[in-house]
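As structure tokens, the structure follows; a few thoughts come after it.
The values are calculated or read from the model by the stated rules, or taken from the named source; none is laboratory data. Just so it is clear, the model here is predicted, and its values are computed rather than measured. Every residue, glycine as well, gets a Cβ built from its backbone with ideal geometry; the counts of neighbours run over all protein chains shown. The accessibility values were calculated without ligands, DNA or RNA, using every heavy atom of the protein model including side chains. Shrake-Rupley method; radii C 1.70, N 1.55, O 1.52, S 1.80 Å.
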Amino acid sequence: MPNVTFKGNPVTLLGNEVKVGDQAPDFTVLANDTSAVTLADSKGKVRIISVVPSVDTGTCDAQTRRFNEEAAKLGNAVVLTISVDLPFAQGRWCAANGIENVQTLSDHRELSFATAYGVHVKELRLLARSVFVIDANDKVVYVQYVPEMTEHPDYEAAIEAAKSVL
């Protein structure tokens, strides 16, 4: 598993590490209305999966806003932001911040996504900041497990990876 820290302290990631070239693992998370969402729900589209510890923190807020801006320019692509925030909190946050181009999804119930993508932070029961780009055929084309959870991902690399398979 990748080495990841939170505020400089090492954390333990649980689940399966995902690598470029892998078939994207399926998962079940919750939409803001608590309906189930799976990877197959966006089949045939390029997916940017932006993973954040909590939308209510500064870096996660900025990450979600940045991908919201980029999503409008990406054509046949969707941006999914996944955290363990409750679906109701995600919906409230999106409404208060004008987030319309990103779908926020909650993994709080089963940590299905966290386990499938190796981002479950054992010590905090949060998701490790990361970005995955999946092509229209469900192949993983980009992966970044951000080494320090309080830092930003490489937005440009993820966006370029998505554009390269559109």
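What to note about this one:
- Residue check, E123 surrounded by fewer than 23 Cβ atoms within 10 Å (Cβ to Cβ) and modelled with pLDDT of 95 or more: yes
- Taking the numbered list (1) over 20 Å from V133 (Cα atoms); (2) out of contact with any Phe, Trp or Tyr (no Cβ under 9 Å at 6 or more places or on another chain); (3) not acidic (D, E) in turn, A31 passes all entries but (1).
- Comparison of T34, T59 shows that the only residue that is in contact with a Lys or Arg (Cβ under 8 Å, 6 or more places away or on another chain) and hydroxyl-bearing (S, T, Y) is T59.
- When segment 15-40 is filtered for residues that are surrounded by 16 or more Cβ atoms within 10 Å (Cβ to Cβ) and outside any loop (DSSP other than H, G, I, E, B), the ones remaining, listed by number, are T28, V29, L30, V37, L39.
- Odd one out for A62, checked against (1) open to solvent by less than 30 Å² (accessible area, probe 1.4 Å); (2) within 16 Å of the chain's Cα centre (by Cα); (3) among the aliphatic types (A, V, I, L, M): (1)
Residue-by-condition table, conditions (1) touching a residue at least 60 places away in the same chain (Cβ under 8 Å); (2) closer than 15 Å to Y117 by Cβ:
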residue: N3; (1), (2): yes, no
residue: Q23; (1), (2): yes, yes
residue: V37; (1), (2): yes, yes
residue: R47; (1), (2): yes, yes
residue: P53; (1), (2): yes, yes
residue: G58; (1), (2): no, no
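- Wholly within segment 47-166, helices (runs of 4 or more DSSP H) carrying at least 1 residues that are in contact with a Pro (Cβ under 8 Å, 6 or more places away or on another chain): 58-71, 112-117
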